[in-house]
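Participant: Structure below; questions to follow.
Taken together, the values in this text are just the output of simple stated rules run on the coordinates, not laboratory data. Since we're looking at a predicted model, the values are computed, not measured. Neighbour counts are summed over all protein chains in view; Cβ atoms, including those assigned to glycine, are modelled from backbone coordinates with ideal geometry.
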Number of protein chains: 2
Amino acid sequence: MIRHTVAFSLRHPHDSAEETAFLDTARGLASIPGVQRFEQLRQVSTQSAFRFSFSMEFADAAAYDSYNEHPFHQQFVADRWALEVSDFQELDFVPLEGSSRLDTRGAG
Amino acid sequence: MIRHTVAFSLRHPHDSAEETAFLDTARGLASIPGVQRFEQLRQVSTQSAFRFSFSMEFADAAAYDSYNEHPFHQQFVADRWALEVSDFQELDFVPLEGSSRLDTRGAG
């Protein structure tokens, strides 16, 4: 499992029509083969200025490579991301070896 | 749902015993009431120097506040995090209004 995330901010005014249009178009990324668990998120920590994040998962590196090479992704990056994103940070994750997800519900 | 994440690097040499000890102790955070889906991750994007991340979810702000105030968390931050982490970035997320997680498996 590879989780690909990118936190970002847009050049558009907050809550503008342009902001909404960017986010709506980006939802098309979810339909690229191999993309799993696609999420659009609002970033709310006061310790970062980033306003949004996209998160998605891939079964393996080959699926991630396919995504990167897919025409919709490449066009989205060239036509929309490059022009409308003011700042971003990519962070990609794999499970830490020897750890397992601790799915506690925190009883007590 | 609030997803609390922190990407970070440690002062310890890579793959050292001290690095392993820090990560092992941190797994105790998963047992704090309200913590859901606790994960320890390795950060693998070449666009960031952060080596690790912790990710967890809370049902609401009250659960997140309880976590922040829990003695184990406060002691971990004061006794371990403050001394052993060289750099970190907190990013917290809530679902974007009007979006839903697009759980596609990318058929095709």
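Participant: It is to be established whether one or more residues within region A:65-81 are more than 7 Å from chain B (Cβ to nearest Cβ), surrounded by 17 or more Cβ atoms within 10 Å (Cβ to Cβ), touching a Leu at 6+ places or on another chain (Cβ under 7 Å) and within 26 Å of B:Arg42 (Cα to Cα).
Facilitator: Checked region A:65-81: at least one residue is more than 7 Å from chain B (Cβ to nearest Cβ), surrounded by 17 or more Cβ atoms within 10 Å (Cβ to Cβ), touching a Leu at 6+ places or on another chain (Cβ under 7 Å) and within 26 Å of B:Arg42 (Cα to Cα).
Participant: May I ask you to verify whether A:Ala21 is out of contact with any Cys (no Cβ under 7 Å at 6 or more places or on another chain), among the small types (Gly, Ala, Ser) and farther than 18 Å from A:Ala82 by Cβ?
Facilitator: Answer is no for this residue.
Participant: Next question, about the same structure. Among the residues of region A:1-34, write down those that are aliphatic (A, V, I, L, M) and over 20 Å from B:Val94 (Cα atoms).
Facilitator: If the condition is that a residue be aliphatic (A, V, I, L, M) and over 20 Å from B:Val94 (Cα atoms), then A:Met1, A:Ile2, A:Ala17, A:Ile32 are the ones that fit.
Participant: Additional query: Hey, A:Gly98 hits all of (1) under 18 Å from B:Phe93 (Cα atoms); (2) more than 13 Å from the chain's Cα centre (by Cα) but one; which does it fall short on?
Facilitator: Every condition holds for A:Gly98 apart from (1).
Participant: I would also like to ask the following. Can you find a residue that is buried (at least 17 other Cβ atoms within 10 Å of the Cβ), in contact (Cβ under 8 Å) with a residue 12 or more places away in the chain and in a loop (DSSP other than H, G, I, E, B) anywhere in region A:88-102?
Facilitator: The answer is no, given that none of the residues of region A:88-102 is buried (at least 17 other Cβ atoms within 10 Å of the Cβ), in contact (Cβ under 8 Å) with a residue 12 or more places away in the chain and in a loop (DSSP other than H, G, I, E, B).
Participant: A further question on this structure: So, B:Ala49, is that one surrounded by fewer than 19 Cβ atoms within 10 Å (Cβ to Cβ), under 30 Å from A:Glu19 (Cα atoms) and aliphatic (A, V, I, L, M) or not?
Facilitator: yes
Participant: Which count do you get for residues in region A:25-38 that are facing chain B (nearest Cβ under 7 Å) and closer than 19 Å to A:Glu84 by Cα?
Facilitator: 1
Participant: Further question on the same structure: Conditions: (1) at positive phi; (2) touching a His at 6+ places or on another chain (Cβ under 7 Å). A:Gly98 meets all but one. Number of the miss?
Facilitator: Among (1) at positive phi; (2) touching a His at 6+ places or on another chain (Cβ under 7 Å), the lone unmet condition for A:Gly98 is (2).
Participant: Looking at A:Ser55 and the list (1) at the interface with another protein chain (Cβ under 7 Å from one of its Cβ atoms); (2) among the polar types (S, T, N, Q); (3) touching a residue at least 40 places away in the same chain (Cβ under 8 Å), which single condition is not satisfied?
Facilitator: Going through the list (1) at the interface with another protein chain (Cβ under 7 Å from one of its Cβ atoms); (2) among the polar types (S, T, N, Q); (3) touching a residue at least 40 places away in the same chain (Cβ under 8 Å), A:Ser55 breaks only (1).
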